[in-house]
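Okay, so here's the structure we're looking at.
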Amino acid sequence: MPGGTIAVMSNEASKTNEPPLIAAYRGRPTPHTPVWFMRQAGRSLPEYRRIREGVPMLESCRRPELVCEITLQPVRRHGVDAAILFSDIVVPLAAAGVGVEIVAGTGPVVAEPIRTEADLARLRGQADLSFISESVRLVTAELGDVPLVGFAGAPFTLASYLIEGGPSRTHAATKALMYGQPETWHALCAWLAELTREFLQTQVSAGAAAVQLFDSWAGTLSAADYRRYVAPHSAYVLAGLADAGVPRIHFGVDTAELLPAMAEAGADVVGVDWRTPLDVAARRIGGALPVQGNLDPCVLFAPWPVIETEVRRVLTEGAAAPGHVFNLGHGVLPETDPSVLTRVVELVHEVSTQ
């Protein structure tokens, strides 16, 4: 059956009224393949652009009522099976006192990059995350049976922003510190791992039903370097959620060669970008874990027959894993037509119940 799902819930799922998303993340039968989109709450929606007008990005992430409304917008419009908390991976950095701003057209920019052991002294231990708790409580109160996915940036990606001072194509300064000052590197990542763990735990305590750890830049590393310099810190973050009772998704971009190590770091679900077919990814992680993904976001600009063919392909490939949550291979692009996203949700639900 396309999508690897069955049309009737198992007795266990029926008794517990488990949302399809959570059932799929746990590798249990679902009535249809659940679907949500990374960056579904954002710039592709006209209602988002209206409500964000004149409000800087980081400020919008600190206003619980605004966070709640933006998080709910794609759920109302598209009928997705999950909400993703409207936030940004640098929010915990700002909450911990790091001088960081999100510059339009550039991304996160750090005022004083971390380059030496002495720079670590500027990093403080406490972060005020009360606005995150309030945001999650507001969202979950409005969502009803729709689960909320919380998220955070992984230590490597956050470290790269802190070291480079902003986005980078080569991550040269990051790797220079990683190779040349390994003690400083691990101290920085340990601080980030503690902050990230706290950020995710705060979301779960307030009501998030699953969490995703984003490692946007890990694909710049070899598998050996990932295991040596990165995996222990991501594993520490994920271990902090082991007893929380929520699925933990681990996602990275351009990470085909890193998938086994990312799964070993403690993930319950592995997110896969569009470069690796889901059936191939399922084999690489041992066939035991559910997968999430992985339509190329640019496919959404193609004619509808092409989109439909690609959606069906992803569903077929996802059937190789014990569970599949349909998603994009990265975030929704700002120029995406929202009506196409809605049609994709409808198609995924229709095809996966046939």
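Bear in mind that the values in this text are calculations on the coordinates, not laboratory data. What you see is a predicted model, and the numbers here were worked out from it, not measured in a lab. Cβ atoms come from the backbone with ideal geometry, glycine included; neighbour counts cover every protein chain shown.
Taking the inverse of the mean reciprocal distance over all distinct Cα pairs, the Kirkwood hydrodynamic radius of the stretch 161-219 comes to 13.2 Å.
What angle, in degrees between 0 and 90 and rounded to the nearest 10, separates the Cα long axis of helix 338-351 from the longest principal axis of the Cα atoms of the chain? Between the helix axis and the principal axis of the chain, the angle is about 50 degrees.
Note on Glu257 and Glu142: the extension gain reaches 37.4 nm, defined as 0.36 nm multiplied by sequence separation minus the Cα-Cα distance.
Cβ-to-Cβ counts within 10 Å put Trp185, Trp304 in ascending order as Trp304, Trp185, the fewest first. Coordinate range of the alpha-carbon atoms in the stretch 2-351 per principal axis, descending: 59, 44, 41 Å.
A Stokes-Einstein calculation at 25 °C with viscosity 0.890 mPa s, built on the Kirkwood radius of the stretch 147-189 over Cα pairs, returns a diffusion coefficient of 220 µm²/s.
Averaging the Cα positions of each part gives two centres, and for the stretch 11-70 and the stretch 278-348 these lie 17 Å apart. The C-alpha atoms of the chain define a longest principal axis, and helix 130-143 lies at about 0 degrees to it.
Based on Cα contacts under 8 Å between residues 6+ apart, the chain shows a relative contact order of 23 percent.
Per residue, the chain reaches -13000 deg cm²/dmol at 222 nm when only DSSP H runs of four or more residues are counted, each adding -39500 (n - 2.57). Over the Cα atoms of the stretch 218-354, each weighted equally, I'd like the Debye log10 I(q)/I(0) at q = 0.18 Å⁻¹, rounded to two decimals. Debye output, listed in q order: -0.99. Using a simple charge model, +1 on the beta-carbon of Lys and Arg, -1 on the beta-carbon of Asp and Glu, nothing else, what dipole does the stretch 90-226 show about its Cα centre, in debye to the nearest 20? About 180 debye.
The fewest-to-most ranking of Tyr25, Tyr236 by surrounding Cβ atoms within 10 Å reads Tyr236, Tyr25. Ordering 219-225, 252-258, 87-93 by mean Cβ neighbour count within 10 Å, with the highest value first, yields 87-93, 252-258, 219-225. Spin-label pair Ala187-Ala118: with each label point 7 Å from Cα along the Cα-Cβ axis, the two points sit 1.3 nm from one another.
Counted residue by residue at 0.36 nm each, then reduced by the alpha carbon distance between them, the extension gain from Arg283 to Tyr179 reaches 34.3 nm. Note on Asp128 and Ser222: with the Förster distance fixed at 51 Å, the Cβ-Cβ geometry gives a FRET efficiency of about 0.85. The angle separating the long axis of helix 64-78 from the principal Cα axis of greatest extent in the chain is about 30 degrees. Here the chain carries DSSP beta bridges of which approximately 15% are antiparallel, counting only pairs with both residues inside. The ranking of Thr196, Thr202 from fewest to most other beta carbons within 10 Å of each one's beta carbon is Thr202, Thr196.
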